[in-house]
Amino acid sequence: MADVSVTAGDGVRRRDFLNVAAVSFAGVGAVAAIAPLLVQMSPPADVLALSTVEVDISKIQPGQGIKTVWRKQPVFVRNLTPKEIQEANAVPMSELRDPQTLAQRTKPGKANWLITLGVCTHLGCVPLGIGEGENKGPFGGYFCPCHGSAYDTAARIRSGPAPSNLFVPDYEFTSPTTVRIG
Amino acid sequence: MSFSWAKAYEPKNPFMRWLDERLPLPRLVYGAVGGGYPVPRNLNYWWNFGVLAGLFLTIQIVTGIVLAMWYYATGDGAFNSVEHIMRDVNAGWLLRYTHANGASFFFIVTYIHIFRGLYYGSYKAPRELVWILGLVIYLLMMATAFMGYVLPWGQMSYWGAQVITGFFGAIPLIGEPLRVWLLGGYAPDQAALTRFFSLHYLLPFVIAAVVVLHIWALHIPGSSNPTGVDVKDEKDTLPFHPFYTAKDGWFAGGVLLVFALVVFFAPNALGHPDNYIPANPLATPAHIVPEWYFWPFYAILRAFTTDFILPAKLWGVLAMFASILLLFFLPWIDKSPVRSGNYRPLFRTFFWILVADVLILGWAGGQPATALPVAIGQITSAYYFAHFLIILPLISKFETPLPLPRSITDSVLHGEKQESAPAGVEPGTTTIAGEGSSRK
C-alpha cells in the first residue's frame, strides 16, 4: 500500500525500481549462463596442442618441395632454385596485387626456403605445384584448380580471383635442417 | 482461456496487432503464461515445481545438444570422448556436470511435483488427463535418464544397460529374443550404444511435446489450489503475469542457486565413482545400483526372492512396472470428492506414511542386496501396493472430511483474520457476512 501513495505523484515508483533491478539481475545471470555454451565451440585444448610441428628439411633438393601438415592444414615447404629466386626478385612491386618481396616472405640468408600454407586465399582449396609434375601455373609457382588463381615462385598472387599471397606461417630454423612451424 | 473473466489479448503496438492478425502467437503466449491466464490466488510454493520441471527440461536439452557436439557414440570412443569433454573442451566440465546433475534435479523437482499432486488431489476430476499425461512424461523421463546414463560407457553404464535390458528377458517365451532384439546383440555393445544415443537425443523432444499437452489439458480447468475448492469468480484468481511469473521467477532463482552449489562444489555427489572406469564386459562392479532416482523401483524389483507360481524374476519386473501403472488408475481409486489433503485428516496421515515408505524403499534400493535391506524393501514394497489398493479406497469410503471453505477468497481472508487475532482469542465479532457458515 505504501507505494500507492508514492505513485500519487509522477516519476519512478519504488516497485518499478525493484522490477528493473530484479529483471536486470536475472538477465545478467542468463547472459553469463550463455557464455559456456558459446566458448565450448572454440578449439579444445588438444587441438591447440597441435599448434607447432617440427619438419625435417634435409632431404629436400633445390627445385623440390614437400607438403606437411600444421593445424590440420597443408603447408608447402619448397627449396627454390636460383632461377626461381631470380624470377621472383625480377617482378616489379607495381605488378603485384599484394606487394611483398621474396625477402619479406623468407628468413634472412634462407631465401631459398619458401614456407607457406597450402591453402588458396580465394576459397581454401589446395593449389597444385608442390608435387613432382604438378601444374605450376603460368607464373611457375602454384596454380589453384578450383577457380584458376595463379601464384608465382614467391607464392604471391599474380592472376585469378584470390585476394592475397599464400599465407606465410610463423616458423623458425631450430637447426640448419629442421624447421619448427607455429 | 479457462474462465469467462480471462482477459483477451489486446495488442497495443501496431506491429503486434499486424502479427496477431496473421499468426496469433502473442495471443497464445498471453493466454497461456501471460495476463490472460487466471490462476487461483492462494497457490503456495508447492505449485512452483511444475515450472521448475520445465526449466530443468530446458537446461537438459540445451546442455545435451552441446554435449552431443563432442560425444562419440562408439564402444571405443564414448568413454574417451567424455573424458575429452571433461579435460580439453572449453567449459566442457561445466556443461557435463550441469547435464549430469541437471538430470538429478529434474527428478527431484518432478518427484516433489508428483507428491504435491498426490497430497492436494490434483489427479481428481476434471484433471485426470493432466495427471495421466504427467505420468507419461515421467515414464519418458525414466527411459531418457536410463539411456543417458549408459552413454559415458563406464562400468555402471554398461552394467546398468545389461541389468535394465535384462528386465525384458523375464517375460515368458519371447523374453530372451526380445532382449537380444533390443540390444542388437547378446550383450550391450556398439549397436545398443548407438541406438541408445539416438533415442536419448529424440526422447527429450517427445517429452517437450507431451509437456505441451500436459499444460494444454491443465489450462482447460485451470490450476487446482491448496483448498481444492473450485474457482467461483474473478475474486478467486490472479492473472498469471505478473503475479505467478514473479513468484516462479523468484523461486527458480533460489533453486538454481542450490543447483549451482551442487554443480560447482559436489558435482559427483549423486554419481558413482565406478562409472569413471571404462566399461568391462568381463567384470561386474561389486555393488551395482542404478541412479538414486530409480532406487525405490530397484527395491521393488529385488523384493521377490522366491518363485511363486511365476518365477521370482518375473514377479519383480511385473511389480516394478505395476508400481507406476497403478498411478494411472489413481483418479478412480481415490473416490473421495474432497481434493485437498488439508481437509482430509485420515488421508493426510496416510499420505505422510506413504512418503516415508517411498523414502525407505529408496534407501533399501540403494543398499547392497543383503538380507536386511531386502527384507525392509519387501515390507515397504508390500505397503506401497497396500496404500493404493487397500488403504486409499477404504479411506475414501469411511473418512469424514473437514468442512470446506465456501470459496478460495473466503479461505484466504479467513486465514488472515485468524493470524491477526490475539493469541487465544477468537477472531473479532465483526464477522464478514457468510464467514460463519464457511466454518460450520
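The values are calculated or read from the model by the stated rules, or taken from the named source; none is laboratory data. A quick note: this is a predicted structure, and the numbers were derived from the prediction, not measured. Glycine also receives a Cβ, built like all others from the backbone with ideal geometry; neighbour counts cover every protein chain displayed.
Given the structure, is B:LEU129 more than 14 Å from the chain's Cα centre (by Cα), within 14 Å of another protein chain (Cβ to nearest Cβ) and at pLDDT 95 or above?
Spelling it out, it is not the case that B:LEU129 is more than 14 Å from the chain's Cα centre (by Cα), within 14 Å of another protein chain (Cβ to nearest Cβ) and at pLDDT 95 or above.
Counting only residues that are away from every other protein chain (no Cβ under 14 Å) and polar (S, T, N, Q), which one in the stretch B:90-114 is farthest from B:TYR138 (Cα to Cα)?
It comes out as B:ASN101.
Among (1) surrounded by fewer than 13 Cβ atoms within 10 Å (Cβ to Cβ); (2) within 30 Å of B:GLU83 (Cα to Cα); (3) touching a strand residue (DSSP E or B) at 6+ places or on another chain (Cβ under 8 Å), there is one condition A:GLN61 misses while meeting the rest; what is its number?
Single failed check for A:GLN61: (2).
Of everything in the stretch A:29-72 that's away from chain B (no Cβ under 14 Å) and of a type in the set (Gly, Ala, Ser), which residue is nearest to B:VAL62 (Cα to Cα)?
A:GLY65
Please specify each residue of the stretch B:58-89 satisfying the condition of being in contact with a Pro (Cβ under 8 Å, 6 or more places away or on another chain), within 11 Å of chain A (Cβ to nearest Cβ) and buried (at least 20 other Cβ atoms within 10 Å of the Cβ).
B:VAL89 - this is the single residue of the stretch B:58-89 that is in contact with a Pro (Cβ under 8 Å, 6 or more places away or on another chain), within 11 Å of chain A (Cβ to nearest Cβ) and buried (at least 20 other Cβ atoms within 10 Å of the Cβ).
Could you please tell me which pairs satisfy a Cβ distance under 6 Å, a separation of 6+ or placement on different chains, a first residue in the stretch B:106-124 that is over 14 Å from B:ASN225 (Cα atoms), and a second residue that is aliphatic (A, V, I, L, M)?
B:VAL109/B:LEU52; B:VAL109/B:ALA53; B:THR110/B:ALA53
State all residues of the stretch B:120-130 that are assigned to a helix (DSSP H, G or I) and surrounded by fewer than 23 Cβ atoms within 10 Å (Cβ to Cβ); if no residue qualifies, say none.
Once the filter is applied, which keeps residues that are assigned to a helix (DSSP H, G or I) and surrounded by fewer than 23 Cβ atoms within 10 Å (Cβ to Cβ), the stretch B:120-130 yields B:GLU128, B:LEU129.
Condition test on B:ALA143, is it of a type in the set (A, V, I, L, M), closer than 30 Å to B:ASP248 by Cα, out of contact with any helix residue (DSSP H, G or I) (no Cβ under 7 Å at 6 or more places or on another chain) and in contact (Cβ under 8 Å) with a residue 60 or more places away in the chain?
Here the answer is no, as B:ALA143 does not meet what is asked.
Suppose we filter B:THR237, B:THR245 for residues that are among the hydroxyl-bearing types (Ser, Thr, Tyr) and either over 29 Å from B:LEU404 (Cβ atoms) or within 13 Å of another protein chain (Cβ to nearest Cβ) (or both); which single one remains? It would help to see each step written out before you state the result.
Details: B:THR237 fails: either over 29 Å from B:LEU404 (Cβ atoms) or within 13 Å of another protein chain (Cβ to nearest Cβ) (or both).
None of the others qualify; the one that does is B:THR245.
Residues in the stretch B:248-263 that are closer than 22 Å to B:PHE107 by Cβ and within 14 Å of chain A (Cβ to nearest Cβ): how many?
Residues in the stretch B:248-263 being closer than 22 Å to B:PHE107 by Cβ and within 14 Å of chain A (Cβ to nearest Cβ): 11 in total.
Filtering the stretch B:167-182 down to residues that are of a type outside the set (A, V, I, L, M, F, W, C) and surrounded by 16 or more Cβ atoms within 10 Å (Cβ to Cβ), which residue is farthest from B:TRP315 (Cα to Cα)?
B:ARG179
Among the listed residues B:LEU361, B:LEU392, identify the single one that is at pLDDT 90 or above, in a helix (DSSP H, G or I) and touching an Asp or Glu at 6+ places or on another chain (Cβ under 8 Å). Break it down stepwise before answering.
Values: B:LEU361 fails: touching an Asp or Glu at 6+ places or on another chain (Cβ under 8 Å).
Within the list B:LEU361, B:LEU392, the selection yields B:LEU392.
What are the residues in the stretch B:133-149 that are surrounded by fewer than 22 Cβ atoms within 10 Å (Cβ to Cβ) and either of a type in the set (D, E, K, R) or closer than 18 Å to B:GLY222 by Cβ (or both), if any?
B:LEU133
Given B:PRO40, B:PRO24, B:PRO11, which one is farther than 17 Å from B:PHE243 by Cα, of a type outside the set (A, V, I, L, M, F, W, C) and touching a helix residue (DSSP H, G or I) at 6+ places or on another chain (Cβ under 6 Å)?
It is B:PRO11.
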